[in-house]
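Engineer: Here it is: the structure, laid out below.
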Amino acid sequence: MKKIFIAFVGAFLLAVNVQAQKKSGAIQFESVIDPVATAEASGFPITDEMKARMPKSVKANFELLYNATNASYMPVVDNEDSNSGGGGRPGGGAGRMMMRFGGGVGGNREYYYSFADQKLVEVFDLMDTTYMMPSKLTLAANNPTGRGGNQQNNNSAVQFLPVAPTVEVIKSDETKKILNLNCNKVVVKTTRKAKILDMEKDIVEETTLWYTNDLGFNFSPNPNLWTEGTVLAIENKGGGTVAKSIEYRGVSNKDVTAPKKAITITPEEYQSKLEAMMKRFRGNNNRGQNANGATRIVIN
């Protein structure tokens, strides 16, 4: 009986130790996009000539650093250190890309999470200024960039209608292991109204999320695609993002805390700045053309 008790205590302490180790670490993600499949899944006709010019796939790497209180997610580059303040880890590794641009979700933005108050902020550079914008994990059915609303291309064969998309969350009993973590499956089905060559049709897109509750915090590689838990994989017809490796190790607070120099900006203020930039850009393009529409090049 004593031996059984000792064995039980040993197993319990081992389990506790394993859980403690999972409270801090680094997860490497890989994002792969098939431009042709992405366009076709959205209802855009692609000619053979266009397919020949488009790349087969576009890959990018990202890293999630987390500890018991905070997390950060951003692009990485090779042969740099990812958690040592630039000093470099023994044996090298991937390095966090500390350059921020006003790109789209999961592009060159940095995301910082605070677990205690469930806050999320996006950090990016715009016009030589580093901004910090409040955000949140959600399930948003936004129109793809460049399609729908005022950004729609009127010359496109596909015209998304100004109607709110229908979003359906389909839970599944299917499970699988990712990085030896138990993951559950949920499918997000989005239906958009569109006109294709003047014929009204429904464009349906399905995205699969694989999430785990084993890590004890909420996260998604795309903050607009989240239902619960820690999302370790996003799959759709155009590609997706998946966690490729995990290393349980110490993570310093400075690597999971938003930069203090960042200026807080609201989503409304950010949108206004983008519209002002586009207006100036269009004005510069118009000044660079002559009356016949040809571009005028001035060499000083």
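FYI, it's all coordinate maths here, none of it is from the lab. What you are looking at is a predicted structure, and each value in this text was computed from that prediction instead of being measured. As a convention, Cβ positions derive from the backbone with ideal geometry for all residues, glycine included, and neighbour counts pool all protein chains shown.
Engineer: Would you tally the net charge around THR175, using a Cβ to Cβ cut-off of less than 13 Å, leaving THR175 out, and scoring K and R as +1, D and E as -1?
Structural biologist: Taking every other residue near THR175 into account, the sum is +1.
Engineer: Sticking with this structure for a sec: LYS201 to GLU269: FRET efficiency via 1/(1 + (r/R0)^6), r the Cβ-Cβ distance, R0 51 Å, to the nearest 0.05?
Structural biologist: For R0 = 51 Å, the calculated efficiency reads 0.90.
Engineer: Give a residue-ordered list of calculated ³J(HN,Hα) values for segment 204-214 (Karplus: 6.51 cos²θ - 1.76 cosθ + 1.60, θ = phi - 60°; whole Hz; x for Gly, Pro).
Structural biologist: Whole-Hz 3J(HN,Hα) from phi for segment 204-214: 10, 10, 10, 10, 9, 10, 10, 10, 10, 9, 5.
Engineer: Rounded to whole Hz and in sequence order, give me ³J(HN,Hα) for segment 230-236 from the Karplus expression 6.51 cos²θ - 1.76 cosθ + 1.60, θ = phi - 60°, writing x for Gly and Pro.
Structural biologist: These are the phi-based 3J(HN,Hα) values: 9, 7, 9, 7, 10, 10, 8 Hz.
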